[in-house]
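One structure is given below, encoded as structure tokens.
The values are calculated or read from the model by the stated rules, or taken from the named source; none is laboratory data. Computed from a predicted structure; not experimentally measured. For neighbour counting, all protein chains shown are included, and Cβ atoms are generated from backbone atoms with ideal geometry for every residue, glycine included.
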Amino acid sequence: MPLPEKNIADIRKDYQQASLDEHMAGDNPLAFFKTWFHHALKSSVDEVNAMTLATVDAAGKPHARIVLLKGMDEHGFTFFTNYLSHKGHQIEENQHVALVFFWKELERQIRIEGIAEKVTEAESDEYFHSRPENSRLGAWASPQSQIISERTFLEKNHENYRKEFSGNIPRPPHWGGYRVKPNCIEFWQGRANRMHDRILFTLNEQGKWDKSRLAP
Ligand SMILES: Cc1cc2nc3c(=O)[nH]c(=O)nc-3n(C[C@H](O)[C@H](O)[C@H](O)COP(=O)(O)O)c2cc1C
């Protein structure tokens, strides 16, 4: 493989846009997440709700991929997926997961660690039925994470389910949401000279959030 024209080791950026201190972050990291999220929405951040989800399998091996945040409140962060996918099996084996948002336009990262639990059937139904028809059919047509012979397998499946359901598409029993209940949330703001700001919240035994500053 040819080397890129620019030496990878020479790629670097100095962060200048903003700062973060203990006072700004407040006492409730979920409220502060909302503040940063709304700011990202109003800014030019692309796919603001895309987040890396890391899971760990029964052998202790980590796995990571992007999923989309579809809701958040004081209980946690929700995404939807196929419960029979690799990530679904890994969460069955180990509920400890991590989420990472990187909003490069704002020079910000948010890291979340917590416990993933299935949302209620009613919540999964509600979100499933808000999706466009082709996405709903896709949930039936794709045995997520399984090896398939060729692309036409998916296309034929999609078409077959379209005929079978003729517009009235139920939620597949193996498709639904997880809510990540956070026990640790870190806000990172890039600063000049690699002297970044990091404010960490951890849930203590009394169920209250402790706040600290970490060295970058
Ligand atoms: C921008 C983006 C958004 C995605 N959103 C989701 C999602 O919300 N749910 C999902 O199951 N997969 C989503 N995917 C696909 C996953 O990254 C992954 O390929 C898939 O879930 C299978 O992962 P697994 O085999 O580890 O279970 C998304 C991928 C990208 C690049």
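Within segment 151-180, the residues that satisfy the criterion of being loosely packed, with under 13 Cβ neighbours inside 10 Å and either at positive phi or in contact with a helix residue (DSSP H, G or I) (Cβ under 7 Å, 6 or more places away or on another chain) (or both) are 166, 167. Given the criteria modelled with pLDDT under 95, farther than 24 Å from residue 106 by Cα and either over 26 Å from the mean Cα position of the chain (by Cα) or of a type in the set (D, E, K, R) (or both), does residue 166 qualify? Judged against the criteria, residue 166 is a match.
For segment 162-197, the set of residues classified as part of a loop (DSSP other than H, G, I, E, B) and of a type outside the set (Val, Ile, Thr) consists of 166, 167, 168, 170, 171, 172, 173, 174, 190, 191, 195, 196, listed by residue number. Here residue 158 does not qualify as part of a strand (DSSP E or B) and farther than 30 Å from residue 19 by Cα. The residues of segment 111-134 that are surrounded by 19 or more Cβ atoms within 10 Å (Cβ to Cβ) and touching a Pro at 6+ places or on another chain (Cβ under 9 Å), listed by number, are 112, 114, 128.
Of all the listed residues (44, 85), the sole one being of a type in the set (Gly, Ala, Ser) and either closer than 18 Å to residue 182 by Cβ or out of contact with any Ser or Thr (no Cβ under 9 Å at 6 or more places or on another chain) (or both) is 44. Residue 141 fulfils the conditions (1) touching a Lys or Arg at 6+ places or on another chain (Cβ under 6 Å); (2) buried (at least 18 other Cβ atoms within 10 Å of the Cβ) except for a single criterion, (1).
Could you please let me know if residue 59 is farther than 26 Å from residue 135 by Cα, at pLDDT 95 or above and of a type in the set (A, V, I, L, M, F, W, C)? Here the answer is yes, as residue 59 does meet what is asked.
Only residues that are hydrophobic (A, V, I, L, M, F, W, C) and touching a helix residue (DSSP H, G or I) at 6+ places or on another chain (Cβ under 8 Å) were counted in segment 113-139, giving 4.
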